[in-house]
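Student: Below: one structure in structure tokens.
The values are calculated or read from the model by the stated rules, or taken from the named source; none is laboratory data. Computed from a predicted model, the values in this text were never measured in an experiment. When we count neighbours, we look across all protein chains shown, and the Cβ atoms used for this are built from the backbone with ideal geometry, even at glycine. Quick note on the areas: whole protein, heavy atoms, side chains included, nothing else; ligands and nucleic acids left out. Shrake-Rupley method; radii C 1.70, N 1.55, O 1.52, S 1.80 Å.
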Amino acid sequence: MFRSCTRALAAVPAVLALAATAVVATAGGASAAANPGPGFPAQYAAPYIETYAAPSAMANARNATGLKYFTLAFIIDGGGCNATYNGDTPITDAGWTSAINANRAAGGDVIASFGGAAGTELAQACSSVAALKTQYKRVIDGLNLTRVDFDIEGDGVIDDDAANDRRNKAVAQLQQEYAAAGRKLDVQFTLATDPTGLPQDQLDLLTNAKNNNLTVNLVNLMTMDYGPAMDMGKAATDAATALHAQLGRIWTTKTDAQLWAMEGNTPMIGVNDTTDEVFSTGNANTLAAFAKAKGIQELAFWALGRDKACASNGTLSDTCSGTSQSAWQFSSIFNGVTGPGGGTTPPPTGATGKITGLGGKCVDVNAASNANGTAVQLYDCNGSTAQQWTVSTDGTVRALGKCLDLAAAGTANGTKAQLYDCNGTGAQQWQKGTGNTLVNPVSGKCLDVTDKSTANGARLQIWTCAGGTNQQFLLPA
């Protein structure tokens, strides 16, 4: 988020920007501690959600995409060594606690991020390890956290050796105390990077953490704001590759796979603060595929409130991306890495066979192709693998190893059905409705044959449920 519309363009390395403008009111009031959460899988997406915006954004994103992990940005000093959201909202804020509880009830969880590009970082506001530790503990216990993020960036912060040492000592002590009490506390650092890897100040911070016996679970790269225009997808994967080698020189006993699993990657979607740089949906697909293949633990982005198109491309804004996209498209792409156990569990089981619809024709994958985005249509039943569907126990409907999906996670009438990698999003959830309808619960709409056509190749879509014959599908027993 931008400090202001006139902020100076950032130089190498990146900064994850934070607004110092007016705060959007939350529900206000104090509340009891948040309910415990389920924790995190081996791979997941957890974009940064702006705590100066409405807490309802969490539910909106979850309902639209199935995304269920979020990073709360940011917790900074509210004055006098006092941890607050955005510098002015209590950690006990009822609106945020309610949103966190609802997200956890839906199977998700949250990370609290301390720091950011504006305001006063807590380790600089609190003059002793004991005082700083008290503030961290208040947040961790109040939000029932199992994971915390430290976004340490900017001149005068990343190179503040005393604050870095104080922070690492305080968190290491807490981590050890929680472990002794049977509680888990994973700790990660979000750090500015170049495409060639972390600069020396960032490496020094990590070395200090290790020397203070702090167990670092993850190092998250801010793959943004390098300076000149470049291929932002390649820059992100290049930085990740360089980090892999750097981590290996600090944590020398870790295996290759463990080092990859120690990484996170956070671009700024769309137009960056350095406006020649634009991180596109194509770049997002590149990074997501790389992360999935390498076993990178976390993908995030700045920021959830920007995950929609602006009125015109090229716009630098805190409320839209400035690049071509559908609403929530970056969330949907990155959420493709999320899965229980990092996606290593076998696909769920269920009844398998043909699905018949209007005119007795079969639901079919065009040309029997399993490429992402392949049209799902009606066609004469022919017994081919393109017409063999598994109605799975996890709510998905699968063929050719992929899932029945709604294009760009759309929820509007006319959104087309397609085949896509199974990614756990709401765009791939289906439930039996009234009669023989098949309903996507996120949109509340029914699978539908376009224009009630019985012609071979008639495309399937979603539409408001009306109970017509073009919305009736017989599932395998």
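Student: So what's the back-of-envelope 222 nm ellipticity for the chain, counting only DSSP H runs of four-plus at -39500 (n - 2.57) apiece and dividing by all residues, rounded to 500?
Tutor: -7500 deg cm²/dmol
Student: Right, next: Given H placed 1.01 Å from N in the peptide plane, which residues other than close sequence neighbours of Thr71 have an amide H under 5 Å from its amide H?
Tutor: The answer is Tyr48, Ile49, Ile111.
Student: Which of these values of log10 I(q)/I(0) by the Debye sum over Cα atoms at q = 0.08 Å⁻¹ was calculated from the structure shown: (1) -0.49; (2) -0.37; (3) -0.43?
Tutor: (1)
Student: If you add up the charges near Ser392, with Lys and Arg at +1 and Asp and Glu at -1, over every other residue whose beta carbon is less than 15 angstrom from its beta carbon, what do you get?
Tutor: That works out to 0.
Student: Here's another thing I want to ask about it. Which stretch or stretches of the range 147-168 have amide N atoms under 20 Å from the point lying 7 Å from Ser127's Cα along the Cα→Cβ direction?
Tutor: 157, 160-168
Student: Let me ask something else about it. Explain nothing, just compute: Karplus ³J(HN,Hα) = 6.51 cos²θ - 1.76 cosθ + 1.60, θ = phi - 60°, for every residue of the range 214-229 in order, whole Hz, x for Gly and Pro.
Tutor: Here the 3J(HN,Hα) series is 8, 7, 8, 7, 7, 10, 9, 8, 8, 8, 7, 6, 6, x, x, 5 Hz.
Student: Toward the positive end of the charge dipole of the chain, about the Cα centre and with charges on Cβ (Lys, Arg +1; Asp, Glu -1), which of Leu287, Ala54, Gln431 goes farthest?
Tutor: Gln431
Student: Of all the accessible heavy-atom surface of the chain, with the other protein chains kept in place and a 1.4 Å probe, what percent is carbon and sulfur?
Tutor: 53 percent
Student: If you don't mind, there's one more thing I want to ask. Using a 1.4 Å probe, what is the accessible area per residue for the chain, in Å²?
Tutor: Result: 36 Å² of accessible area for each residue.
Student: Charges at C-beta only: +1 for Lys and Arg, -1 for Asp and Glu. How large is the resulting dipole of the range 144-268 about its Cα centre, in Debye rounded to 20?
Tutor: 680 debye
Student: I've got another one for you. Measure off 7 Å from each Cα along the Cα-to-Cβ vector at Trp251 and Asn366, then give the distance between these two points in nanometres to one decimal.
Tutor: Modelled inter-label distance: 4.4 nm.
Student: Okay, moving on. For the range 278-285, in order, what is each residue's ³J(HN,Hα) by Karplus, 6.51 cos²θ - 1.76 cosθ + 1.60 with θ = phi - 60°, in whole Hz (x at glycine and Pro)?
Tutor: With the stated coefficients, the range 278-285 comes to 10, 8, 8, 5, x, 4, 5, 5 Hz.
Student: Let me ask another. Excluding Ala162 itself, what net charge comes from residues whose Cβ is under 14 Å from its Cβ, given Lys and Arg +1 and Asp and Glu -1?
Tutor: -4
Student: Just to confirm the number: angle between the C-alpha axis of helix 232-250 and the first principal axis of the chain, 0 to 90 degrees, nearest 10?
Tutor: 50 degrees
Student: Sequence gap at least 6, Cα distance under 8 Å: using those rules, report the relative contact order of the chain to the nearest whole percent.
Tutor: With pairs under 8 Å counted, the relative contact order is 14 percent.
Student: Can you give the FRET efficiency for Lys210 and Lys432, using 1/(1 + (r/R0)^6), R0 = 41 Å, r = Cβ-Cβ distance, to the nearest 0.05?
Tutor: Once rounded, the FRET efficiency stands at 0.15.
Student: I need the peptides 116-125, 99-108 ranked by packing, meaning the mean over residues of other C-beta atoms within 10 angstrom, with the highest value on top.
Tutor: Peptide ranking by packing, descending: 116-125, 99-108.
Student: Hey, if you put +1 on the Cβ of every Lys and Arg and -1 on every Asp and Glu Cβ in the chain, which of Trp260, Thr237, Asn366 ends up farthest toward the positive end of that dipole?
Tutor: Result: Asn366, furthest along the dipole toward the positive end.
Student: Just to check I understand the Karplus step: with θ = phi - 60° and J = 6.51 cos²θ - 1.76 cosθ + 1.60, what whole-Hz values come out for the range 193-203, glycine and proline as x?
Tutor: Computed from phi, the couplings for the range 193-203 are 9, 9, x, 8, x, 6, x, 5, 4, 5, 5 Hz.
Student: Separate question: I'd like the distance between the alpha-carbon centres of the range 343-418 and the range 264-302, rounded to an integer number of Å.
Tutor: Cα centres, the range 343-418 to the range 264-302: 29 Å.
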